[in-house]
1. Where Rh is the Kirkwood radius over the Cα pairs of region 40-130, the temperature 25 °C and the viscosity 0.890 mPa s, what D in µm²/s does Stokes-Einstein return?
2. Hey, can you grab everything whose amide H is under 5 Å from the amide H of Thr119? Only 5+ residues off in sequence or another chain; H modelled, so Pro and N-termini drop out.
3. Residue-wise, which Karplus ³J(HN,Hα) couplings in Hz belong to region 121-129, taking 6.51 cos²θ - 1.76 cosθ + 1.60, θ = phi - 60°, and x for glycine or proline?
4. At 1.4 Å probe radius, can you tell me the per residue accessible area of region 92-139 in Å²?
5. Please list, in order, the residues from region 68-84 whose amide nitrogen is less than 16 Å from a point placed 7 Å along the Cα→Cβ vector of Ser120.
6. Assign unit charges at the C-beta atoms only (+1 for Lys and Arg, -1 for Asp and Glu), then state the dipole size of region 53-139 relative to its Cα centre in Debye, rounded to the nearest 20.
Amino acid sequence: MNTRITVAAILGATALALTACSGTDTADSPGNAKHAATPKFTPSPGWSAAEKAAGIPPKPTGAKRAELLRALAAANPDIVKYEDKAIEAARNQCSAINGGAHKPDWTASQRFSYKDVTTSEAQGKQINEALKGLGFCKA
């Protein structure tokens, strides 16, 4: 008896899901002209302001980027195997530093451990010192 109820419930849920998807509205329909011109995701113009409010500095370029990568490599050479990931991790780590994180060294060790790169808490401390020493986290 329980099997029949379960099967009936699954079939009912599937039918409801399918009817919700079976609409005939298209971008060419007269009522949808407004939606056709608007992309599904538009980045907010205040994104940089939100990053700044969170204590995240802008992406470094040129000499500043090279200097940051050298400082990160001094703490853990493997970190810079993925330069873009390292830069994003550094920017995000600034939010922990600027926000007065409870365990910033541990946070750095987690943030800079990705793919085949593992960062210890001691290396996280070196990373934080490098970020502060460079003045990178001043948003």
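The values are calculated or read from the model by the stated rules, or taken from the named source; none is laboratory data. Since the structure is predicted, the reported quantities are computational estimates derived from the model, not experimental observations. Note that each Cβ is placed from the backbone with ideal geometry, even for glycine, and that neighbours are counted across all protein chains shown. Surface areas here come from the heavy atoms of the whole protein model, side chains and all, with no ligands, DNA or RNA. Shrake-Rupley method; radii C 1.70, N 1.55, O 1.52, S 1.80 Å.
1. Result for D is 181 µm²/s.
2. Ser113
3. 5, 5, 5, x, 5, 5, 4, 4, 5
4. Accessible area per residue: 55 Å².
5. 74-79
6. The calculation lands at about 240 debye.
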